[in-house]
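Report on one structure; see the data block that follows.
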Amino acid sequence: MKNKIIAGNWKMNNNRAQAIELINQLIPLVKDTNNTVIICVPFTDLCKAVKLTKGTNIHVGAQNCHWKESGAYTGEIAPSMLTEIGVEYVIIGHSERRSYFGETDQTVLLRTKAALAAGLKPIVCIGETLEERNSGNMESVLTRQVVEGFKDISAEELDNIIVAYEPVWAIGTGVTATDEQANDAIGFVRSVFAQKYGQEVANKLYIQYGGSMNDKNAQGLLSMPQIDGGLIGGASLVADKFSKVVNAHK
Ligand code: PGA
């Protein structure tokens, strides 16, 4: 049995004082879990988060990184700048980055490759919009995101990647995919990975669900056989709620 990987995605929330408070509240609440706990915080909170979580079971991630090592890329952060300060994970290709900042399957692949090369563990996000689901294109969209977004990724590299299936219509809307919808979609995503990498590699791959997951619905979602964890936005900003998600699956 796999444990679960629960990652909080703080998005553009929490200044330094708020970050310190939230992390200090969280540490005792999640210390006994067998699940992996990650908090993906804004760049400006990373150093503090790494320092405060040292010696605890909480891992720290960033929410994006560039694919170049250095250079004239104003506003970007290189993967090695993250590993240098003790960051272990990085979210890549979140739907908000795809829709607001022009992220494509191609740039997702570039960022993922660079993150892996630097020793980061990418959490690569995929997922369909409501329009794509309603027009019967969910499977073709997810297939494209996996085929294009993981084009040059080897089976060995996949070992260090977490995939987050986040239906765009469920993100920040309070509308969660039902346990069955999430399980079916993730089962489908896993089958696309199986076609490329074989069933054994696909079974090992961690695929999270994300989209309005919270302390109330986590237990149901995390008990589904295909769902290996969660990427939690809104509910990760409240220690009590996030810790309940972490502790929902024993
Ligand atoms: P949400 O966000 O939990 O607030 O829906 C999830 C995400 O965008 O990662």
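The values are calculated or read from the model by the stated rules, or taken from the named source; none is laboratory data. Everything numeric here is computed off the predicted structure, so don't read it as measured data. Ideal geometry is used to build each Cβ from the backbone, glycine not excepted, and the neighbour counts take in all protein chains shown.
The figures follow:
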| read-out | value |
| --- | --- |
| Answer from Glu128, Glu132, Glu157 - the residue that is of a type in the set (Asp, Glu), under 20 Å from Asp228 (Cα atoms) and crowded, with 18+ Cβ neighbours inside 10 Å | Glu128 |
| Out of Gln18, Gln63, sole residue that is closer than 17 Å to Glu88 by Cβ and of a type outside the set (A, V, I, L, M) | Gln63 |
| Pair list, Cβ under 6 Å, 6 or more apart: the range 71-83 residue modelled with pLDDT of 95 or more, other residue acidic (Asp, Glu) | Ala78/Glu69 |
| Looking only at the range 43-75, and only at residues there that are buried (at least 19 other Cβ atoms within 10 Å of the Cβ) and aliphatic (A, V, I, L, M), the one that is nearest to Phe242 (Cα to Cα) | Ile58 |
| Residues (outside any helix (DSSP H, G or I), farther than 19 Å from Val146 by Cβ and either more than 16 Å from the ligand (Cβ to nearest atom) or in contact with a Leu (Cβ under 6 Å, 6 or more places away or on another chain) (or both)) located in the range 159-189 | none |
| Complete set of residues in the range 190-233 that are away from the ligand (no atom under 16 Å from the Cβ), in a loop (DSSP other than H, G, I, E, B) and surrounded by fewer than 16 Cβ atoms within 10 Å (Cβ to Cβ) | Gly198, Ser223, Pro225 |
| Ala78 hydrophobic (A, V, I, L, M, F, W, C) and surrounded by fewer than 16 Cβ atoms within 10 Å (Cβ to Cβ) | no |
| One residue from Glu128, Glu139 being among the acidic types (Asp, Glu), modelled with pLDDT of 95 or more and either closer than 30 Å to Lys51 by Cβ or outside any loop (DSSP other than H, G, I, E, B) (or both) | Glu139 |
| Residues that are in contact with a Lys or Arg (Cβ under 8 Å, 6 or more places away or on another chain) and either more than 14 Å from Tyr165 (Cα to Cα) or in contact (Cβ under 8 Å) with a residue 60 or more places away in the chain (or both), drawn from the range 87-98 | Glu88, Tyr89, Val90, Glu96 |
